[in-house]
Amino acid sequence: MTPFLDQRRIRPAKRGGGFEVRLEPAERELLASLPSQLVELLDATAGDDAAVAADPALARLFPRAYRDDCDNEANTDYHRLMGEDLRERHRSSLETLAAGAALDRIEIEDLHAWAAALTQLRLVLGARVGITDELDWDDIDDSHPAANAFALYGWLSWLQEQVVESLTTTLPDPL
C-alpha cells in the first residue's frame, strides 16, 4: 500500500480485509443525513412517471432507455418493467451509505453501494444547482447563492474519488 493511500479517509484495512472509514463526526453526520432526503424524494414519486419525467434531477436517476426521437411507448414500457427495480436499487445503496456512515470499517459490497449512492446524490444535486460541463468553477465564490450546494457537491465528489481509489486496490494486477 502506498503512503498516499494511508492519508485517505477511506482506505483498504491493514488487517482482515474490508475498508477503514476515517471521517470526522460532522462528516459522518452529513453523510448519514443526505441519503434519507433522496429516499424521501424517491418514495414521494414512486409510480408517478410524469413527476419523474418533469423533474430534471429525478430524470437523471431514471434516464430514458431510448433516444428522444424513438417511440415513447418503448420508453414507457422500459420504465414500467424496470422502474421499480431501479428505484429499489437506488434506495438500497442510499440506505447502505446512511448506515455505514457511523462505522469505522465496511466490507467491499458496502463500498460498492457507497459508490452508487454517492453517484446518485451527485446527479441529483448537480441537476438541482445546474452543474454542467460549461460551468466555470472560478465563478463560484462564497457570495454565490448556491455556494453551499456547490461546496457539498465538491465534498461528495472528493469522497467518491476516495471510494473509487480504494476499490481500485481490489482489482487484479493487469497482465
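Bear in mind these aren't lab numbers, they're just calculated from the coordinates by the rules spelled out. On a predicted model such as this, the values are computed, not experimentally measured, just so you know. Heads up, the Cβs are rebuilt from the backbone with ideal geometry, glycines too, and the neighbour counts pull from every protein chain shown.
Descriptive notes on the structure:
- Largest GNM mean-square fluctuation among Asp141, Asp104, Asp133, using the chain with Cα springs under 10 Å: Asp133.
- Histogram of C-alpha separations across the chain, 5 Å bin width, %: 1, 7, 15, 18, 16, 15, 13, 9, 4, 2, 0
- Additional length obtainable on full extension of the chain from Arg60 to Met82, 0.36 nm per residue less Cα span: 6.4 nm
- If only the Cβ of Lys and Arg carry +1 and only the Cβ of Asp and Glu carry -1, the dipole of the range 22-175 around its Cα centre is close to 340 debye.
- Cα long-axis angle, helix 108-129 against the chain (0 to 90 degrees, to the nearest 10): 50
- Given R0 = 41 Å, the distance between the Cβ atoms of Asp43 and Ala13 translates into a calculated FRET efficiency of 0.75.
- With contacts taken as Cα pairs under 8 Å at a separation of at least 6 residues, the range 20-101 carries a relative contact order of 53 percent.
- Distance from the C-alpha centroid of the range 10-59 to that of the range 97-129: 5 Å, rounded to the whole angstrom.
- Karplus-derived HN-Hα couplings along the range 155-160 (A = 6.51, B = -1.76, C = 1.60, θ = phi - 60°), whole Hz, x at Gly and Pro: 5, 4, 5, 4, 5, 4
- Only Cα pairs under 8 Å and 6+ residues apart enter the sum, and on that basis the relative contact order of the chain stands at 30 percent.
- Just checking the listed ones, Ala74, Ala59, Ala51: in the Gaussian network model of the chain with Cα springs under 10 Å, the one fluctuating most is Ala74.
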